[in-house]
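Working notes, beginning with the structure itself.
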Amino acid sequence: MSFRGTVPDSKPLTSNAKLSDINYIMELPVISLKARRNSLHPWIFTRMIRHPQKRLPPGSLVEVISKEGTFLGRGIYNYKSNIGIRLLTENISEQMDKEFFFKKLEQAKTLREEILEIPKTSNSFRLVHGEADGLSGLIIDKFANIFVVEPYSAGYLGIMEWIVSSLQSLYPGARVVVRPDERIAAKEGADFSKAARAYPGPDSVGIKENFLAMTVNLKTGHKTGFFLDQRENRLTLSQYCRGKEVLDCFCYTGGFAISAMLAGAKSATAIDLDEKALETAQENARLNSVKVTFHHVNVFDHLRMIISKGMQADVVILDPAKLAGCTEEIRRAHRTYADINRLGMQAVRPGGILLTCSCSGLVSERDFLSILTRSAAEAGVVLQIFKITGASSDHPFSSIFPEGRYLKAVFARVFPHTKKGTTEEA
């Protein structure tokens, strides 16, 4: 399957070219806009599109033109999705063929391996981070020699063979697993199960991350199975944990707590409400020959309990799951972040360290810091913020897609607030 075109010598390849100037061996369906596109953002929402009377299958590869007939780009079209078009290229000379996707994957590999040199310390990393790597709606994580593909767009279902063969060309001997999210499939209006059956995976895979060894559960794990975006933050936090008592909230499979123990922490307690994740976490603790106390409990309830008993830890980690997946959930997410951080701050021993995170892309860093300021006041503490980071470097973000910068990680020391005219023992 190939979509190759030629342009007469007298016509330069520019984004202002008309489609009538281009002769195609095989033409893509043409979708035009009914509203002016005023940004370079790769998403074009369905309300801006002049949808054809004859419906195209969800995820069709298409040409996109302006209302005046000017070439805008090529990408994925889905009339069932709020994101009606995901532009993959605005370069008129780039065709939607296997070579295009191979080059995108090759460029992604170059960043992680040649520029960032991640393989020197870890055998696992995010190979494709959606829009930042020019592949809107596609996530690919490398776990040792297994590549887990998580499509967020129906457009990758029809070309999955191209993606898989490209990965196997770049990584001979690699196994490719397709692990779609049922909620995304419902939003896309497409059946993702066929791709999942065509590319099944093992139950688990062992990985190395810095000095940490972990088992990634590919059957019950969230998303692709493991949160690689916290790799650098796990290493950073561990450096502050020697001789300390650590409390890891929303611990998932134990990455922060186990890293702390490997770095010489005095003790680590890890809590989560996901029983399957805790089973993997216990296996990971044994794998690293460290002792971590795991509790299957609601984090809010556990924090209230220890606060009521006057119990505190030297280091507290708060890393909850995404709280805002759409604009309607933002206000509730703000309240939840405020509650959990107020409790978390009260659980930190005076002068201790709090690492608090938000992976909700719809909650900005500015808003998150504002929430922390209010929570600190309500908790009767002052935060000494000394580091603000984000996702690991294999999760880049694009200047035309700032939403890709979703993770906020705030490192702070926590001190009791001493009101004027009173003295308190620090």
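Scan 260, 213 and give me the residue that is assigned to a helix (DSSP H, G or I), assigned by TED's automatic domain parsing to the domain that holds residue 345 and at pLDDT 95 or above.
Numbers: 213 fails: assigned to a helix (DSSP H, G or I).
Unique residue meeting the criteria: 260.
Among the residues of the range 372-385, write down those that are surrounded by fewer than 21 Cβ atoms within 10 Å (Cβ to Cβ) and either closer than 25 Å to residue 403 by Cβ or under 26 Å from the mean Cα position of the chain (by Cα) (or both).
Result: 373, 374, 385.
Quick one: which of 20, 32 is modelled with pLDDT under 95 and outside any loop (DSSP other than H, G, I, E, B)?
Working: 32 fails: modelled with pLDDT under 95.
Only one candidate qualifies: 20.
Among the residues of the range 293-315, write down those that are of a type in the set (Val, Ile, Thr), under 22 Å from residue 222 (Cβ atoms) and either at pLDDT below 95 or crowded, with 17+ Cβ neighbours inside 10 Å (or both).
If the condition is that a residue be of a type in the set (Val, Ile, Thr), under 22 Å from residue 222 (Cβ atoms) and either at pLDDT below 95 or crowded, with 17+ Cβ neighbours inside 10 Å (or both), then 299 is the only one that fits.
Step by step: first the residues of the range 310-360, then only those that are in contact (Cβ under 8 Å) with a residue 40 or more places away in the chain and in a loop (DSSP other than H, G, I, E, B), then the one that is nearest to residue 267 (Cα to Cα). Which residue is that?
Once the filter is applied, the top-ranked residue is 312.
Is it the case, given these coordinates, that residue 265 is buried (at least 17 other Cβ atoms within 10 Å of the Cβ), in a helix (DSSP H, G or I) and more than 17 Å from the chain's Cα centre (by Cα)? Steps first, answer last, please.
Working: buried (at least 17 other Cβ atoms within 10 Å of the Cβ): yes; in a helix (DSSP H, G or I): no; more than 17 Å from the chain's Cα centre (by Cα): yes.
No, not satisfied.
Identify, from the list 393, 370, 375, the residue that is polar (S, T, N, Q) and outside any helix (DSSP H, G or I). Walk me through how you get there before you give the answer.
Numbers: 370 fails: outside any helix (DSSP H, G or I); 375 fails: outside any helix (DSSP H, G or I).
Just one listed residue meets the conditions, 393.
Of the residues 405, 413, only one is basic (Lys, Arg), within 27 Å of residue 121 (Cβ to Cβ) and touching a Gly at 6+ places or on another chain (Cβ under 9 Å); which?
On the way: 413 fails: within 27 Å of residue 121 (Cβ to Cβ).
Matching residue, one of 405, 413: 405.
Restricting attention to the range 36-75, report how many residues are within 30 Å of the chain's Cα centre (by Cα) and of a type in the set (Asp, Glu). Quick ask: steps written out before the conclusion?
Step one: filter the range 36-75 for residues within 30 Å of the chain's Cα centre (by Cα), giving 37-49, 56-64, 72-75.
Cutting the leftovers down to of a type in the set (Asp, Glu) gives us 63.
Selection size over the range 36-75: 1.
In the range 87-103, which residues are free of Cβ contacts under 8 Å to residues at least 60 places away in the same chain and not in a loop (DSSP other than H, G, I, E, B)? Steps first, answer last, please.
Initial filter on the range 87-103 (free of Cβ contacts under 8 Å to residues at least 60 places away in the same chain): 87-89, 94, 99-100, 103.
Selection gives 87, 88, 89, 99, 100, 103.
One residue is enough: does the range 406-419 have a residue meeting the conditions of a type in the set (D, E, K, R) and either buried (at least 16 other Cβ atoms within 10 Å of the Cβ) or within 22 Å of the chain's Cα centre (by Cα) (or both)?
The answer is yes; a qualifying residue exists.
If a residue must be under 19 Å from residue 247 (Cβ atoms), among the hydrophobic types (A, V, I, L, M, F, W, C) and in contact with a Ser or Thr (Cβ under 9 Å, 6 or more places away or on another chain), how many such residues does the range 344-372 contain? Talk me through it step by step, then tell me what you get.
Start the filter on the range 344-372 by keeping residues that are under 19 Å from residue 247 (Cβ atoms), which leaves 344-358, 372.
Right, trim to among the hydrophobic types (A, V, I, L, M, F, W, C) and you get 345, 347-348, 353-355, 357, 372.
If we keep only those that are in contact with a Ser or Thr (Cβ under 9 Å, 6 or more places away or on another chain) too, we end up with 345, 355, 372.
Residues meeting the conditions: 3.
For the range 278-307, what are the residues that are farther than 21 Å from residue 226 by Cα and without any contact (Cβ under 8 Å) to a residue 24 or more places away in the chain?
301, 305
Out of (1) surrounded by 15 or more Cβ atoms within 10 Å (Cβ to Cβ); (2) under 18 Å from residue 395 (Cα atoms); (3) touching a strand residue (DSSP E or B) at 6+ places or on another chain (Cβ under 9 Å), the odd one out for residue 210 is which?
Result: residue 210 fails condition (1) only.
Could you run through the range 38-71 and say how many residues are in contact with a helix residue (DSSP H, G or I) (Cβ under 7 Å, 6 or more places away or on another chain) and at pLDDT below 95?
At the first step, the residues of the range 38-71 found to be in contact with a helix residue (DSSP H, G or I) (Cβ under 7 Å, 6 or more places away or on another chain) are 42, 58-59, 61, 63, 65, 69, 71.
Still in the running and at pLDDT below 95: 69.
Residues in the range 38-71 being in contact with a helix residue (DSSP H, G or I) (Cβ under 7 Å, 6 or more places away or on another chain) and at pLDDT below 95: 1 in total.
Quick one: count up the residues across the range 153-188 that are assigned to a loop (DSSP other than H, G, I, E, B) and surrounded by fewer than 18 Cβ atoms within 10 Å (Cβ to Cβ).
First, the residues of the range 153-188 that are assigned to a loop (DSSP other than H, G, I, E, B): 153, 157-159, 171-174, 179-181.
Now restrict to residues that are surrounded by fewer than 18 Cβ atoms within 10 Å (Cβ to Cβ): 158, 171-174, 181.
Counting residues in the range 153-188 that are assigned to a loop (DSSP other than H, G, I, E, B) and surrounded by fewer than 18 Cβ atoms within 10 Å (Cβ to Cβ) gives 6.
With respect to residue 110, determine if the residue is in contact (Cβ under 8 Å) with a residue 60 or more places away in the chain, of a type in the set (S, T, N, Q) and surrounded by fewer than 18 Cβ atoms within 10 Å (Cβ to Cβ).
Criteria not met by residue 110.
The values are calculated or read from the model by the stated rules, or taken from the named source; none is laboratory data. Computed from a prediction, not measured in an experiment: that's the story for all the values here. A quick note on method: Cβ atoms are made from the backbone with ideal geometry, for glycine too, and the neighbour counts reach across all protein chains shown.
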